[in-house]
Amino acid sequence: DLQGEFVRNGPNPKHIPKDGYHWFDGDGMIHGVRISHGGVANYVNRWTRTERFLDEEKANRSLYIRIGEMKGKLGLLKLMLLPIKAFLGYFSETDRLTSGTANTALQYHNGTFMALVESNIPMAIKILMDGRLEEIGRMTYDNKLKHPVTAHPKVDPETQEMMFFGYQLQSKPCVAYSVVSKEGELIRTVDIGIKRPIMMHDFAITSNYSVFMDHPLEFTPREILSGKFAFQFNSEVPSRIGVMPRHGDSAEDVIWFDFESGYSFHTANAWEEGDEVVLVCCRSSNIQLGHISNNECMPCLHEYRVNLKTKESSERDIVENHCEFPIINPTMLGRKNKYCFAAEMNGNGLDFGACIKVDLESSEVVGRIPFGVGRAGGECVFVPRANPQSEDDGYLLTFIYDSTSDSSVMWVMDGKTMSHEPIAIVSLPQRVPFGFHGLWVSEEQIVNQKALIQDSPI
């Protein structure tokens, strides 16, 4: 069943800044396990050679400002010095859309595998037949793409269209939304009408709509002077959920609904039920970006429900378990699904000790795979079996770190039975740092990658 490559992106700083480091800051490193015919597994990793990475590798030190440095008077000074550094030639790449780390997530669309971070446009990467990785170039869509791209573009499993948005902190529009056709043509870009700079990390799609989360994690650079982070959660402002037709023409097409103030990094899915749109995500009532691993930021699986006709709305926690990185069977994206899998927190911040399976219809945890004492995992990736008999008939893949031996392995688990015993364990030759998001790239997708993209290589 499993022939392809499990790839996971995450931050791994080559040059650590002297004045503060945040988990979001590290250079993008992709770890992959290539599984060939007969179950032969080969481990690979590679720093993604972005323009930023190459600049810093040449200088042999950190050059660009990171989130972890965006506080205090020194942080403000570093922000002010960026244009001067660019003028003096410190950076080979001064385009705001191509100066990031590509360290967050991965996507595959129209024969192109790409690495993403929400401050930039995607970096296209070639997966070689032995599993190794090689950068191709930036995805500009024939220079039509003029805004950053979320780390979480959505590919409709039926139409094969790809939808994404991007937020901007110092340019307008604050949030733009785009649609790319099955053939890879950017066919639409729309300002969705948000008037202030915010951090919007993820969104969702249904068969007919795109669903946006306007949470009040606001960019407030004046707070830097008081030693705080530039992003501050404003509990006085309600959260909003916006529903827009997939091919809407303007911000006037977005219907907004107010909810209790909160924050969601990640969505699991969304779908339509008659006149209603249902969104499932992991939501916390508070978030402090500078202390993201503390116990105040403990999200639960949450449901937002809105009625496009009556304008009524409701919200609720689905289960009480604290969890993050919700995932589903990817063939169900945008359609009503029964099961969601998520990484369960141990109660000590971002320490994920188990994978849970939630029945969204009965609102209960129906399966839990503990990783074991001294072990921690992260996001699991669901891969359907070749001939699935049910929605949950597939594999769960993740990297597990064992602190007692300072080593890492890849687990292959049964998503249907949620047996505590993994189907397979792949030993890895080195420790894999904790990271963010993964993807399964099938053998067919690897074979069908495009040799070149329309854009210039780096």
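The values are calculated or read from the model by the stated rules, or taken from the named source; none is laboratory data. What you see is a predicted model; the values in this text were computed from it and never measured. Neighbour counts run over all protein chains shown; Cβ positions are idealised from the backbone, glycine included. The area values use the complete protein model at the heavy-atom level, side chains included, leaving out ligands, DNA and RNA. Shrake-Rupley method; radii C 1.70, N 1.55, O 1.52, S 1.80 Å.
Some notes on this structure:
- On full extension, the segment bounded by ASP359 and SER171 gains 63.5 nm, given 0.36 nm per residue less the C-alpha separation.
- Remark on ARG246: its backbone amide H falls under 5 Å from those of TYR209, SER210, a criterion applied only to residues 5 or more positions apart or on other chains, H modelled at 1.01 Å from N.
- Between ASP191 and LEU54, the distance separating the two model label sites (each 7 Å from Cα on the Cα→Cβ line) works out to 3.4 nm.
- Residue-wise HN-Hα coupling along the stretch 407-412, computed from phi with Karplus coefficients 6.51, -1.76, 1.60 (Hz; x: Gly, Pro): 9, 10, 9, 9, 9, 10
- Karplus (6.51, -1.76, 1.60) ³J(HN,Hα), θ = phi - 60°, over the stretch 253-267, in Hz, Gly and Pro reported as x: 7, 8, 9, 9, 10, 8, 9, 4, 4, x, 9, 10, 6, 10, 9
- Each residue was assigned an accessible area with a 1.4 Å probe, and for THR220 the value is about 10 Å².
- The count of lysine pairs in the stretch 134-220 that are at least 8 places apart or cross chains, and whose C-alpha atoms lie under 21 Å apart, stands at 9.
- Burial order of peptide ranges 351-361, 152-162 (average beta-carbon count within 10 Å, highest first): 351-361, 152-162
- In plain terms, the chain from LYS182 to VAL366 could stretch by 62.6 nm, reckoned as 0.36 nm per residue minus the Cα-Cα distance.
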